[in-house]
Amino acid sequence: MKAKKTLTRRGFVAAVASAIAAGLAAASLWPVWEFLSPPKTREGQEQETAVVPLSNVGPGKAHFFEFQGHPSVVLQPSPGKFIALSAVCTHLGCIVEWRPREEIFFCPCHAGRFSPEGKVLGGPPPRPLPSYPVKVRKDQLIIG
């Protein structure tokens, strides 16, 4: 006959401590996993074009909006010239910001810098920002 195992107080405390440690490890590693994993696409958000009022994009100004489920930006670097880009940094997926004094897009996560056309000027980004076609129709910009 087999001897019946009993749980000792020491064994119980070790099991509870192990469970708590595993829970804390999972809770602390989850944000790191979310940060390093590629951005998720939202189903049903893949619109063909985006419409931005022309009045939202003054000369030298950038207007951020969502296009195909991702943050995007349209810029008017000079009067009548419009450039639309993805606002997602090609390094780790952070959102770039427009710095009008320097006339660059800047990634605050790792100091990546992009020209108004989306070309990499410095930092760790491996590729330029993807661009989108822009058409002017009356008082609107049609992007995509």
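Residue check: is Val136 loosely packed, with under 13 Cβ neighbours inside 10 Å, hydrophobic (A, V, I, L, M, F, W, C) and touching a helix residue (DSSP H, G or I) at 6+ places or on another chain (Cβ under 9 Å)?
Taking the combined requirement at face value, the residue satisfies it.
Tell me, please, whether a residue that is of a type outside the set (Asp, Glu), closer than 19 Å to Gly144 by Cβ and crowded, with 17+ Cβ neighbours inside 10 Å can be found in region 99-107.
no
For region 67-84, give me each residue that is at pLDDT 90 or above, within 13 Å of the chain's Cα centre (by Cα) and over 14 Å from Glu103 (Cβ atoms).
Pro71, Ser72
Scan region 124-144 for residues that are assigned to a strand (DSSP E or B) and free of Cβ contacts under 8 Å to residues at least 40 places away in the same chain and jot them down.
Passing the criteria: Lys135, Arg137.
Being in the same structural domain as Lys61 (by TED's automatic domain parsing) and in contact with a Ser or Thr (Cβ under 6 Å, 6 or more places away or on another chain) is true for just one of Arg127, Arg113. Which residue is that?
None of the others qualify; the one that does is Arg127.
The values are calculated or read from the model by the stated rules, or taken from the named source; none is laboratory data. Source: prediction; values computed, not measured. Because the Cβ atoms are built from the backbone with ideal geometry, glycine has one as well, and the counts that use them run over all protein chains shown.
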